[in-house]
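A.B. asks: Okay, here's the structure, questions in a sec.
No lab work stands behind these numbers, since they all come straight from the coordinates. In this text, all values refer to a predicted model and were calculated from it rather than measured experimentally. Positions of Cβ are backbone-derived with ideal geometry, glycine not excepted, and every protein chain shown enters the neighbour counts.
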Amino acid sequence: MLEIKNLHAELEDDGKKILKGVDLKLEPGKVHAIMGPNGSGKSTLSYVLSGRDGYEVTEGSATLDGEDILELEAEERAAAGLFLAFQYPVEIPGVGNMTFLRTAVNAQRKARGEEELSAADFLKVVRAKAKTLKIDGDMLKRPVNVGFSGGEKKRNEILQMAMLEPKMCILDETDSGLDVDAMKLVSEGVNALRDEGRSFLVITHYQRLLDHIKPDVVHIMAEGRIIKTGGPELALEVENNGYADLLAEMA
Ligand code: ADP
Ligand code: MG
Ligand code: MG
């Protein structure tokens, strides 16, 4: 379980305060969604959890199964079972997608004290998982994300997630720039990974993604805090009425 308590974070550069006391509890097997106006700190929350440089936590805690993740390096967080979609968004010319995946999987296994997968075993697993995401052999051989369309990059990201089998998956705006078909494929990929032992934090602007990835819990974030928590109906309410009422309530 990921437990975030009173998390405060600011920009390292200029001390701008962005997270102002985030409280969240994500139980295993559940899908939580976060919605909220632009600039409310949703992406910052995912960056802080994943250990991206440039942010300083000034107060509060975040633990994964009791382990303080804020103390860990980004690689150690991945080994502990945290996955942030967009963690590997970069194009890597010269490195084949398959080689990259194998390196990531084996680095994680090593960090967990597990044996590396043999080339043959790896190939079997990656081909099976790629097939369900309609990622063909050619895409597996091409350099990582180079020349991939937006939809292909997102599907590739879900493949990375499927290979790393994380406990806690954070998807930040994974629907942005996707056409309906690509969004369906990505959603199906996520849904196939839903599991009792795995939880998801899905950050999105639009309710439509939540038609495909059905959340158990919906949170609204504004001005660096969670201001309201409810069921899936809360996402519909926001879609219909916008954030004005909720922000007025908060004020
Ligand atoms: P959201 O994802 O909810 O739209 P963000 O977390 O991206 O919000 O941003 C929250 C606020 O912090 C915004 O006002 C944004 O401009 C600011 N911010 C976040 N990261 C940076 C950064 N690296 N440099 C400058 N401002 C930033
Ligand atoms: Mg954002
Ligand atoms: Mg740092």
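A.B. asks: Given contacts defined as C-alpha pairs under 8 Å and at least six residues apart, what's the relative contact order of the range 1-140, whole-number percent?
C.D. replies: The normalised contact order for the range 1-140 reaches 21 percent.
A.B. asks: Still on this structure: Rounded to the nearest 0.05, what FRET efficiency do residue 250 and residue 68 have when you use their Cβ-Cβ distance and R0 = 22 Å?
C.D. replies: So the FRET efficiency works out to roughly 0.15.
A.B. asks: Another question, if that's okay. Within the set of other residues whose C-beta is less than 11 Å from the C-beta of residue 212, count the net charge using Lys and Arg as +1 and Asp and Glu as -1.
C.D. replies: My count for the surroundings of residue 212 gives 0.
A.B. asks: What length, rounded to one decimal in nm, is gained on full extension from residue 17 through to residue 206, with 0.36 nm per residue of separation minus their alpha-carbon distance?
C.D. replies: Answer, rounded to one decimal: 65.5 nm.
A.B. asks: Another one. Taking residue 134 as the anchor, which aspartates and glutamates have their alpha carbon closer than 19 Å to its alpha carbon, excluding any fewer than eight residues away along the same chain?
C.D. replies: 152, 157, 165, 175, 179, 181, 188
A.B. asks: For residue 239 and residue 3, what does the FRET efficiency come to when R0 = 25 Å and r is the distance between their Cβ atoms, rounded to the nearest 0.05?
C.D. replies: Details: r = 29 Å, r/R0 = 1.15.
The calculated FRET efficiency here is 0.30.
A.B. asks: For the range 104-169, state which GluC sites (Glu not before Pro) are in a DSSP loop and have at most 14 other beta carbons lying within 10 Å of their beta carbon. Each step should come with its number before you reach the end.
C.D. replies: On the way: sites: 114, 115, 116, 152, 157; in loops: 114, 115, 116.
Here the sparse-neighbourhood loop sites are 114, 115, 116.
A.B. asks: Let me ask you something else. Could you sort out which of 5/153; 131/154; 153/228 sit more than 26 Å apart by Cα distance in this structure?
C.D. replies: From the list (5/153; 131/154; 153/228), the Cα-Cα distance tops 26 Å for 5/153; 153/228.
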